[in-house]
Amino acid sequence: FIAGTLGVIGLTIFAVPLASMALKFGPAEYFTLMLFAMTAVSTLTGKSPAKGVLATILGLMIATIGIDLQSGQARFTMGVAEFQDGVGFVVVVVGLFAVAEVFRGLEDIYKGTSAQAMKISGSLWLTKEEWLRSIGPIWRGGVIGFIIGVLPGAGGTIASIMSYTTEKRLSKNPDEFGKGAIEGVAGPEAANNSDTAGAMVPLLTLGIPGGGATAVLMGAFIMYGIQPGPLLFQNRPDLVWGLIDSMYIGNVMLLILNLPLIGIFVQLLKIPSGILYPLIIAISVIGAYAINGSMTDLYLILIFGVIGYVFDKVDIPVAPLVLSLVLGGMMEQSFRQAMTISGGSPKIFFSSAITMTLVVMSVISVLMPFILPKLKKYKEDGKDE
C-alpha cells in the first residue's frame, strides 16, 4: 500500500511535465521512441534476447495484416475478408493469456502437479519489530520500482531484483537473505507495486506502453477511441485524472480487502478444474465472438492459445509480441510520415538531440544482454583474484 501510493504520487507529479515535453515530439521522435520501447522489451524480457526479438517480429508481422492506410491495398489477408480490418487485439490477448493458461492448467492436471490450497494460520499483521525492519526497504523499494517502471521493458521483475540486491548490500546481516529476512520480502514487493504506477507514466504522457500489462491497457483505450499521449491531458483531463484518482482509491481498497479476505481468495484453488476451465473457455469464446460476431475470431483465439502455450514451453516471452502488436501500426505510420517529411532521407532519425538519444538508447538496450554477463564474469574473476 505504501509503495503503491508512493508510485501514484510520482505519477501525479511527473505526468504533466512529461506530457508538456512530449508535445515537442514529431514523427521521427515517435518512431525512435517506439523503436527504443520495442528493443528494450524484446531484449530485456525473458532469458534469451533472441527469443524476445522473435516474439517482437511475430507481433509486427501480425500488425501488418489488413488494409494499408496509405495505399488502401489489402496486405497479408490470405483472401479472408475478416482480416481486412486486421487481427483483433482482444482476440490475440484472450488466446495468449486465457486459453493458453487453460492449456497449462490441463497439463498440470495430467501430470498431477496442480496447485493445492494452503491453510492460513496465525496473525497476518506485522509485529513492531517487523515494521521497524521493513519501513526503510519499503520506501527504498517504492522509489526504485517507480524509476524502473518508467523505463520501457524493465518491468516489475527487474525492479524487484534491484531492490533485493540493494537491501542485501545495505543490510548489516546479508547472510540472513534467502533464509527469511523480512527486508528481502518488503523491498522487492514494494518495488513490484510502485513499478505499476511508474509504467503508467510513458503510457499516458507519450502513448508508449512499457510492457505487456500496459500494452493490454493501451489496446483497451484504442478500442474505445482513446489515444494515449500528451494531447490526452489537454483533450480529456477528466479521463486522465479520473484514472489517477482511481489508482489512489484502488490502493486503499486493496489494503482493506487483501488482509482479511486472503483466506477466502485461497479457496478459489478448491474450485474443481472440471468447472473452472470450461467456465474460462466459455467466457473467452463469448467475449471474442461478441466483438465482431465472427467465427474466424473463435478459430484465432484457439490458434493464439496454442501459440501462448508453445511460447511458455520454449521460454519465449509473450510481452514483446503484445507490445509490438499494439505499437506496430503507429510505428509504421510514424516511419512513413518521417520519411515523407525528409523526402526519403533516413537522416531525419539523427537530426535532433531527442532522436539521437533514443537511437543510442536503443543500441544500448540491444547490447545490454551481451555486456551484462561479461561484466558479471569480470567482477567474479576480480573477487577470485
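The values are calculated or read from the model by the stated rules, or taken from the named source; none is laboratory data. Computed from a prediction, not measured in an experiment: that's the story for all the values here. Please note: Cβ atoms are built from the backbone with ideal geometry, for glycine as well, and neighbour counts cover all protein chains shown. Accessible surface areas use protein heavy atoms only, side chains included; no ligands, DNA or RNA. Shrake-Rupley method; radii C 1.70, N 1.55, O 1.52, S 1.80 Å.
List of remarks:
- FRET efficiency, Tyr299 to Leu243 (Cβ-Cβ, R0 25 Å, nearest 0.05): 0.10
- Note: region 237-385, Cα convex hull, 316 Å³ per residue.
- Entries of Lys111/Lys313; Lys347/Lys374; Lys24/Lys347 with Cα pairs more than 22 Å apart: Lys347/Lys374
- Charged neighbours of Glu176, selected by a Cβ distance under 12 Å, balance to +1 (K, R count +1; D, E count -1).
- Over the chain, the reciprocal of the mean inverse Cα-Cα separation, the Kirkwood hydrodynamic radius, stands at 23.1 Å.
- Region 229-277: C-alpha gyration tensor shape, a/c 1.5 cut-off, then a/b vs b/c: oblate
- When the charge dipole of the chain is built from unit charges on Cβ atoms (+1 for Lys and Arg, -1 for Asp and Glu) and taken about the Cα centre, the candidate among Met218, Gly142, Ile62 whose Cα reaches farthest toward its positive end is Gly142.
- Descending by average beta-carbon neighbour count within 10 Å, the peptides 224-232, 70-78 line up as 224-232, 70-78, the highest first.
- Counting only whole DSSP H helices of the chain, the ones at least 15 Å long by C-alpha along their axis and with mean Kyte-Doolittle hydropathy no lower than 1.0 are 2-22, 27-44, 49-63, 212-223, 237-266, 273-292, 295-313.
- Charge dipole (Cα centre; +1 on Lys/Arg Cβ, -1 on Asp/Glu Cβ; no other charges) of region 215-329 amounts to roughly 140 debye.
- Span from the region 336-352 Cα centroid across to the region 134-149 one, whole angstrom: 40
- Simple rule: put +1 on each Lys or Arg Cβ and -1 on each Asp or Glu Cβ in the chain, find the dipole, and look at Ser334, Ala81, Thr296; the Cα lying farthest toward the positive end is Ser334.
- Accessible surface of the chain, 1.4 Å probe, proportion on carbon and sulfur as whole %: 68
- Rg/Rh, computed from the Cα trace of region 4-115 with Rh as the Kirkwood radius, has the value 1.09.
- Magnitude of the charge dipole, the chain, Cβ model with Lys/Arg +1 and Asp/Glu -1, debye to 20: 520
- Simple label model, 7 Å out from Cα along Cβ direction - Met21 to Thr127, nm: 4.6
- Equivalent ellipsoid of region 181-289: semi-axes from √(5λ) of the C-alpha gyration tensor, largest first, are 30, 24, 14 Å.
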